[in-house]
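Everything below concerns the one structure shown next.
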Amino acid sequence: MKRKFVLTVLGVGLLVAAMLSPRLSQQLRAESNPPASMKLKVGDPAPDFKLQYFDGNDLKDVSLSQYQGKKNVVLAFYIFAFTDG
Amino acid sequence: MKAFQQNLQKLEAADTQVLGVSMDSAFANKAFADSIGVTFPLLSDWGGDITRQYGVYLDKYKAPRRINFLIGKDGKILELQLDNAAIDPTKIVDACERKKLNR
C-alpha cells in the first residue's frame, strides 16, 4: 500500500517535471506566438526593387539601387493605406 | 507613416530616404499620403512581388506585415523592426544619427 503511494507520487512528480521542462515550455511558447520567421536579417543585402508612386501628376519609378552609395533607405512596409501606423 | 513624417527632417539630415511600401495602388497611396500629410513617396507593390521577396507577406491579411528595414548606403540591412515596434521610428532615427556621427 505504502509502495503504491510512493510510486504515484513519483509518477505525478515526473509528469510535472516534464511539463515544466524548458524544451516543452519553449514548444508551447512557439505555438502561442507565431514565429517571426524572417527571410532577411540584419547584415543581409536588401533585394533591389523598382516600384512606382504617384506624385500627383505622373507615376515615378523608384529603385533601391538609385540610393546605393548615396543615402540610407528606410523601407517601411505597411498593411493598407488609410490605416494607422 | 505619420510618425516617420514627424521625424523626416532628422532622417533627411542623417542622409536617409524614407519610402513607404504597401500593396495598394499608387493612386490610393497618393490619396493616403495627402490625407495624413506624408511628403515622402509611398510606393505601390501592386501584386506583392517585392513584399514576398522581402519575406513580409502575410497570408492572413493578403498584405505585408508592418515592418521597417533600415538599409545602409552599401545596400545591406542595418536594422529591422517588426509589427508594433515598427510604428515608433525613434530607434531608426537614432541609428541613422549614430551612423552619421561615426562616419
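None of the figures in this text is laboratory data; all of them are computed from the coordinates on show. Just so you know, these numbers come straight off a predicted model, no measurement behind them. Cβ: placed from backbone, ideal geometry, glycine included. Neighbour counts: every protein chain shown.
Scan region B:51-65 and tell me whether some residue there is surrounded by fewer than 22 Cβ atoms within 10 Å (Cβ to Cβ), under 12 Å from the mean Cα position of the chain (by Cα), among the basic types (Lys, Arg) and closer than 26 Å to A:Pro45 by Cβ. So far as region B:51-65 goes, yes, one or more of its residues are surrounded by fewer than 22 Cβ atoms within 10 Å (Cβ to Cβ), under 12 Å from the mean Cα position of the chain (by Cα), among the basic types (Lys, Arg) and closer than 26 Å to A:Pro45 by Cβ.
Selection within region B:7-48: residues that are among the charged types (D, E, K, R) and surrounded by 15 or more Cβ atoms within 10 Å (Cβ to Cβ). The member of this set that is nearest to A:Val62 (Cα to Cα) is B:Asp45. Residues of region B:81-98 that are surrounded by fewer than 19 Cβ atoms within 10 Å (Cβ to Cβ) and within 7 Å of chain A (Cβ to nearest Cβ): B:Leu82, B:Ile87. Scanning region B:45-58 for residues that are more than 7 Å from every other protein chain (Cβ to nearest Cβ) and of a type outside the set (Ser, Thr, Tyr) yields B:Trp46, B:Gly47, B:Gly48, B:Asp49, B:Arg52, B:Leu58.
Can you report the number of residues in region A:41-65 which are assigned to a loop (DSSP other than H, G, I, E, B) and either closer than 19 Å to B:Phe69 by Cβ or touching a Gly at 6+ places or on another chain (Cβ under 8 Å) (or both)? The number of residues fulfilling the criteria is 9.
Residue-wise test of (1) more than 22 Å from A:Asn72 (Cβ to Cβ); (2) touching a Leu at 6+ places or on another chain (Cβ under 9 Å); (3) more than 7 Å from every other protein chain (Cβ to nearest Cβ); (4) not in a helix (DSSP H, G or I).
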| residue | (1), (2), (3), (4) |
| --- | --- |
| B:Gln9 | no, no, yes, no |
| B:Gly20 | no, yes, no, yes |
| B:Phe32 | yes, yes, no, no |
| B:Leu43 | no, yes, no, yes |
| B:Lys60 | yes, no, yes, yes |
| B:Leu70 | no, yes, no, yes |
| B:Glu79 | no, yes, no, yes |
